[in-house]
Amino acid sequence: MEDAPAPIPLGPTGRLQAQPLTNATGNHAVLVREGDQPRALLTAESGAGERQRVVIVPLDNDVELRVDGDAMAVWLSQGSIGPARASVPAWASAIGFVLVIAVVFFALLGSFTLFNWLFGMLGWV
């Protein structure tokens, strides 16, 4: 196990870890564990044609299997993919705020000009 890849943290706390595994025949799998406690095993087996079937093996009672299509959407809605989010610099927030205020100002100015012209054409002013 000296050449084993580093585990990947899972979840919001990172207490769960995904450990890549390879057996003697070259089959690859991912073992999800919490500390020394194994929780689930993800592997693949031959399926129809060239497509492989994903196999998830729960290793304790606290593993939830979701079959619905919303599971991925829920996970994606919890945050971005990638490293931890960096904070936005204050100057970038200030520039964004000024630009939003400018857009609102020009929208109001354009609306006032349009309705002033329209009401003038109709003789309502």
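Quick notes
- By accessible area with a 1.4 Å probe, ligands and nucleic acids excluded, highest first: order of GLU34, GLU50, GLU64, GLU45: GLU50, GLU64, GLU45, GLU34
- If the chain linking ALA94 and TRP124 were pulled fully straight, counting 0.36 nm for each residue of separation and taking away their Cα-Cα distance, it would gain 6.7 nm.
- Here the Karplus relation 6.51 cos²θ - 1.76 cosθ + 1.60, evaluated at θ = phi - 60°, turns the backbone of region 15-25 into coupling constants of 5, 7, 10, 9, 9, x, 10, 9, 8, 5, 8 Hz, with x for every Gly and Pro.
- Taking only protein heavy atoms and a 1.4 Å probe, the accessible area of region 1-51 is 54% carbon and sulfur.
- Exposure check, 1.4 Å probe, all protein chains in place: ILE101 carries approximately 90 Å² of accessible surface.
- Most to least accessible of ASP60, ASP36, ASP70 (protein chains only, probe 1.4 Å): ASP36, ASP70, ASP60
- Computed E for LEU109/ASP70 - FRET, C-beta separation, R0 41 angstrom, nearest 0.05: 0.40
The values are calculated or read from the model by the stated rules, or taken from the named source; none is laboratory data. Quick caveat: nothing in here was measured; it's all calculated off a predicted structure. Backbone-built Cβ (ideal geometry, glycine too); neighbour counts: all protein chains shown. Keep in mind that these areas ignore ligands, DNA and RNA; they rest on the heavy atoms of the full protein, side chains included. Shrake-Rupley method; radii C 1.70, N 1.55, O 1.52, S 1.80 Å.
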